[in-house]
Amino acid sequence: MITYDAKDPDTAFPPIEPLLPPAGAPNVLVVLLDDVGFGAGSPFGGPVRMPTAERLQRGGLTYNRFHTTALCAPTRAALLSGRNHHSVGMGMITETATSAPGSSGLRPNTKAAVPTTLKLNGYSTAQFGKCHEVPPWQTSPIGPFDAWPTGGGGFEYFYGFIGGENNQYYPALYEGTTPIEPERSPEEGYHLTEDLADHAIDWVRAQKALAPDKPFFMYFAPGATHAPHQVPPEWADRYAGEFSDGWDAERERILERQKQNGVVPAEAALTPRPEQIPAWDAMDPALKPVLERQMEVYAGFLEHTDHHVGRLVDTLESMGALENTLVYYILGDNGASAEGTVNGAFNEMANFNGLAAIETPEFMASMKDKLGTKDAYNHYAVGWAWAMCSPYQWTKQVASHWGGTRNGTIVHWPAGIRSRGGTRSQFCHVIDVAPTVLEAAGIPEPDFVNGAQQAPIEGTSMVYSFDDADAPERHDLQYFEMAGNRGLYYKGWSAVTRHSTPWLPNQVLPPLDEDVWELYDGATDWTQSHDLAAEMPEKLAALQRLWLIEAVKYNVLPIDDRRFERLNPTIAGRPQLVTGPTQVLFPGMRRLSEHSVLDVKNRSFAVTAAIETPEKDATNGVVLAQGGRFGGWALYVVDGRAKFTYNLLGMTEFVTEADEDLPSGSHQLRVEFAYDGGGLAKGGDVTLYYDGRPVGRGRVDQTQPMVFSADETTDIGDDYGMPVSVDYAGAARFNGRIDVVQIDLGEDDHTHLIDPAEVARIATSRQ
């Protein structure tokens with residue numbers, strides 16, 4: 001009955017109860033490091049000291065047969081959904097999404113992320129760090145935000161970055177979906193990993209202070225130790241001289257420590273060095289000091305990351321929350337990265353643009369002291385990546401072999417795991433994390449999420465192994481595939497074939513049917529060192545058929561080994577946010593990803609800006625800037641005179657300057673770039689115009705053909721992050737007025753200006 005007066009004694013409603021998971025449900029902290037090989041960190045016999053990981057290892061469990069997908073975005077999509085990466089449309093990284101269901105970059109709503117399920121069952125949820133699961137056409141400030149952490153990702157709070165990597169000193173950060181700038185500069189001691197840890201600590205303190213009855217799910221994915229390898233020099237200096245005898249000797253030491261630690265069996269064999277990776281003794285002696293420093297920087301970077309994970313763990317302990325927190329510390333979302341070329345890289349974007357040859361040994365030697373600093377975007381040599389995956393074959397991207405997919409993992413939960421310091425050798429995969437969390441929380445796998453009927457989770461809960469080291473493994477069948485590299489695990493056996501080489505983006509690949517398969521018996525061969533294919537062809541054939549069955553089941557087909565071609569959205573068949581020959585931009589627009597702006601690479605283009613210059617002061621500032629210090633271009637004004645800078649990979653700046661100052665008042669500033677043509681990465685002629693009148697000419701000798709930057713963006717009227725050119729560093733904001741900026745593709749006549757009526761309309765609306 002509904003009463004008329006709330007004071008009536010018959011007025012009664014049941015109290016509103018807060019939504020909470022079952023009693024005793026633990027907090028969950030998932031720490032996912034980036035590009036860390038199985039043999040890199042000290043908990044798994046590596047040379048890099050990781051005291052936080054060792055501490056959790058002593059109080060928890062060591063999983064020495066935990067696997068990932070061999071690449072970052074696919075691993076993350078699999079972890080958060082509990083499904084295989086092709087099942088959720090992440091066959092490769094988002095930037096190479098195609099129209100095929102298994103590689104579309106789109107997670108179906110029938111396969112909801114586990115943070116959504118936890119949030120709907122009373123958990124507080126937050127993500128810090130790297131989100132690489134947003135399709136490229138959805139990375140702009142106007143969304144849609146379905147794939148963003150606080151959109152459809154299930155996280156109530158997000159502080160981090162969108163994309164595969166980020167500058168550790170000048171990151172492109174978001175809070176939720178809002179772009180923000182760091183509060184400090186690198187000169188003031190700023191570093192991204194520390195910043196992420198600070199925000200994670202602040203959030204969890206607030207969460208426990210304001211909602212102590214609610215458990216939390218925190219996903220801490222700092223982006224370290226993905227390139228660029230950047231860390232304060234004092235951390236790198238801790239390892240000075242420790243890698244002077246090279247990667248071959250380092251691998252032998254790692255295996256011995258692994259056997260001593262018990263993370264591999266005593267009979268485990270060290271796999272041989274592939275012929276594609278040079279021996280340390282074969283490297284140029286003049287280059288070896290640079291190679292040593294590359295590894296010192298990487299080691300310092302990894303220890304620095306572990307230190308800040310430790311700050312977060314210490315905070316949980318000081319709050320009394322660590323006891324009932326299920327911690328996953330996953331050392332790598334794939335094997336160590338071999339994308340740095342044989343000699344390593346001052347700027348890893350050089351290789352992704354097919355221009356690695358620019359970085360000669362002499363150039364690398366001259367850059368040695370800059371490695372790890374804000375003045376470099378560096379990556380270590382292939383040999384170090386191979387060593388950090390010891391004792392296994394191959395590296396990141398190679399999903400066929402354990403070097404690409406086996407990552408050391410530590411699980412710590414004092415209130416829920418009786419065992420301390422034990423090792424678990426059951427086969428596990430990153431898709432097992434989600435069902436483990438649900439079982440630990442007492443939350444059933446959902447049938448429906450937000451009205452959408454759910455496909456079953458494809459992973460297997462690991463809870464059965466927590467207190468039973470001898471429990472038979474339950475995840476005994478798993479396919480692997482990445483860029484044509486493929487493999488299958490089934491009840492101890494593995495059948496694998498390597499199709500492509502990670503550091504050769506423009507390699508000529510053989511037909512898929514010509515790939516040579518290998519066969520390994522995991523019961524006697526821990527490291528995949530003894531190929532049985534010739535001895536047991538029938539066994540190999542059976543596993544090959546099983547791989548094909550799994551591939552059909554999980555949307556792996558068609559196998560797509562294309563690389564550069566898939567960067568082109570038209571070829572790949574994915575949507576483009578911006579199409580056509582013209583794009584109009586307005587002042588204040590910022591953090592526009594390369595996918596949000598017309599592609600001006602390998603073609604002629606022009607930029608025209610309708611501006612108002614100041615009456616008294618000299619005009620200064622950026623009109624439009626794309627990219628940053630390690631690749632990009634900008635149209636800007638310094639001391640009243642227009643300039644255009646094309647920055648080639650942070651190595652060479654081609655600057656064109658006007659012959660005269662901009663007069664005060666309303667004007668149209670234009671730059672035209674006339675591409676030479678005849679292929680990719682060619683040069684071109686530059687002409688600057690004031691109101692259609694040529695005022696300066698210049699030349700760009702070479703251009704970047706594929707990508708300007710993996711993290712820097714396009715900004716109008718300013719340049720956020722690292723500036724494209726040091727020419728205007730510190731004074732990037734335009735001090736006049738910008739009404740509109742227009743980008744035109746092709747050979748436009750320089751007399752073509754923006755419609756004056758449109759400029760007047762915009763100016764009037766602003767007033």
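The values are calculated or read from the model by the stated rules, or taken from the named source; none is laboratory data. Predicted model, so just to flag it, every value in this text is computed and none were measured. Positions of Cβ are backbone-derived with ideal geometry, glycine not excepted, and every protein chain shown enters the neighbour counts. To get the accessible areas, we keep the full protein, side chains included, count just its heavy atoms, and leave off ligands, DNA and RNA. Shrake-Rupley method; radii C 1.70, N 1.55, O 1.52, S 1.80 Å.
Things to note:
- Counting only strands (runs of 3 or more DSSP E) that sit completely within the range 561-644, those holding 1 or more residues that are within 30 Å of residue 345 (Cα to Cα) and touching a Gly at 6+ places or on another chain (Cβ under 7 Å) correspond to 621-628, 631-638.
- Within the set 663, 694, the sole residue that is assigned to a strand (DSSP E or B), open to solvent by 30 Å² or more (accessible area, probe 1.4 Å) and not hydrophobic (A, V, I, L, M, F, W, C) turns out to be 694.
- For the range 697-709, a residue qualifies if it is open to solvent by 10 Å² or more (accessible area, probe 1.4 Å) and of a type in the set (S, T, N, Q), and the qualifying residues are 702, 709.
- Residues in the range 351-361 that are open to solvent by less than 30 Å² (accessible area, probe 1.4 Å) and either in a loop (DSSP other than H, G, I, E, B) or in contact with a Gly (Cβ under 6 Å, 6 or more places away or on another chain) (or both): 353, 355, 359.
- The range 118-160, residues that are open to solvent by 10 Å² or more (accessible area, probe 1.4 Å), under 25 Å from residue 71 (Cβ atoms) and of a type in the set (A, V, I, L, M, F, W, C): 137, 145, 147
- Residue within the range 512-521 that is open to solvent by 60 Å² or more (accessible area, probe 1.4 Å) and not acidic (Asp, Glu) present: yes
So that you can scan it fast, the table gives a plain yes or no per residue for (1) surrounded by fewer than 23 Cβ atoms within 10 Å (Cβ to Cβ); (2) in contact with a strand residue (DSSP E or B) (Cβ under 7 Å, 6 or more places away or on another chain); (3) under 19 Å from residue 80 (Cα atoms):
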site: 19; (1), (2), (3): yes, no, no
site: 31; (1), (2), (3): no, yes, yes
site: 48; (1), (2), (3): no, yes, no
site: 51; (1), (2), (3): yes, no, no
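- Residue in the range 216-225 that is hydrophobic (A, V, I, L, M, F, W, C) and either under 21 Å from residue 361 (Cβ atoms) or open to solvent by 10 Å² or more (accessible area, probe 1.4 Å) (or both) present: no
- Hits in the range 47-76 - residues which are part of a loop (DSSP other than H, G, I, E, B), in contact with a Phe, Trp or Tyr (Cβ under 8 Å, 6 or more places away or on another chain) and of a type outside the set (Lys, Arg): 47, 60, 64, 69, 70
- Of all the numbered requirements in (1) in contact with a Lys or Arg (Cβ under 8 Å, 6 or more places away or on another chain); (2) more than 21 Å from residue 220 (Cβ to Cβ), residue 336 misses one, and that requirement is (2).
- Of all residues in the range 299-327 being acidic (Asp, Glu) and in a helix (DSSP H, G or I), the one that is surrounded by the fewest Cβ atoms within 10 Å (Cβ to Cβ): 317
- Considering (1) part of a helix (DSSP H, G or I); (2) closer than 27 Å to residue 630 by Cα; (3) in contact with a Leu (Cβ under 9 Å, 6 or more places away or on another chain); (4) not small (Gly, Ala, Ser), the lone condition that residue 201 does not fulfil carries the number (2).
- The single residue among 657, 653, 672, 594 that is touching a Leu at 6+ places or on another chain (Cβ under 9 Å), among the acidic types (Asp, Glu) and touching a residue at least 60 places away in the same chain (Cβ under 8 Å) turns out to be 672.
- Hey, residue 373 open to solvent by 10 Å² or more (accessible area, probe 1.4 Å) and within 21 Å of the chain's Cα centre (by Cα) or not: yes
- Enumeration of residues in the range 528-558 that are surrounded by fewer than 19 Cβ atoms within 10 Å (Cβ to Cβ), of a type in the set (A, V, I, L, M) and not in a helix (DSSP H, G or I): 532, 533, 534, 536, 557
- When the residues of the range 581-624 are filtered to those that are closer than 24 Å to residue 662 by Cβ and of a type in the set (Lys, Arg), the one that is least open to solvent (accessible area, probe 1.4 Å) is 590.
- Out of 3, 98, 110, one residue alone is free of Cβ contacts under 8 Å to residues at least 24 places away in the same chain, polar (S, T, N, Q) and surrounded by fewer than 23 Cβ atoms within 10 Å (Cβ to Cβ). It is 3.
- Taking the range 625-638 as the range and being open to solvent by less than 10 Å² (accessible area, probe 1.4 Å), hydrophobic (A, V, I, L, M, F, W, C) and more than 26 Å from the chain's Cα centre (by Cα) as the test, the residues that pass are 635, 637.
- Considering the conditions (1) out of contact with any helix residue (DSSP H, G or I) (no Cβ under 8 Å at 6 or more places or on another chain); (2) crowded, with 19+ Cβ neighbours inside 10 Å; (3) part of a loop (DSSP other than H, G, I, E, B), residue 164 is excluded by exactly one of them, (1).
- Of the listed requirements (1) outside any strand (DSSP E or B); (2) touching a residue at least 60 places away in the same chain (Cβ under 8 Å), residue 182 misses just one: (2).
- Residues that are crowded, with 24+ Cβ neighbours inside 10 Å and either over 22 Å from the mean Cα position of the chain (by Cα) or assigned to a loop (DSSP other than H, G, I, E, B) (or both), drawn from the range 328-350: 331, 332, 333, 334, 335, 336, 337, 338, 340, 344, 346, 348
- Selected residue (only one of 146, 195 is part of a helix (DSSP H, G or I) and out of contact with any Lys or Arg (no Cβ under 6 Å at 6 or more places or on another chain)): 195
- So residue 471, is it farther than 25 Å from residue 81 by Cα and of a type outside the set (Val, Ile, Thr): yes
- When residues of the range 102-146 are limited to those that are more than 21 Å from residue 445 (Cα to Cα) and of a type in the set (A, V, I, L, M), the one farthest from the chain's Cα centre (by Cα): 142
- Residues in the range 400-427 that are open to solvent by 10 Å² or more (accessible area, probe 1.4 Å) and under 22 Å from the mean Cα position of the chain (by Cα): 402 alone.
Yes/no matrix, rows are residues, columns are (1) part of a loop (DSSP other than H, G, I, E, B); (2) under 18 Å from residue 91 (Cα atoms); (3) out of contact with any helix residue (DSSP H, G or I) (no Cβ under 6 Å at 6 or more places or on another chain); (4) open to solvent by less than 30 Å² (accessible area, probe 1.4 Å):
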site	(1), (2), (3), (4)
443	yes, no, yes, yes
465	no, no, yes, yes
468	yes, no, yes, no
472	yes, no, yes, no
478	no, yes, yes, yes
487	no, yes, yes, yes
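- Residues that are small (Gly, Ala, Ser), at pLDDT below 95 and in contact with a Ser or Thr (Cβ under 7 Å, 6 or more places away or on another chain) do not occur anywhere in the range 79-97.
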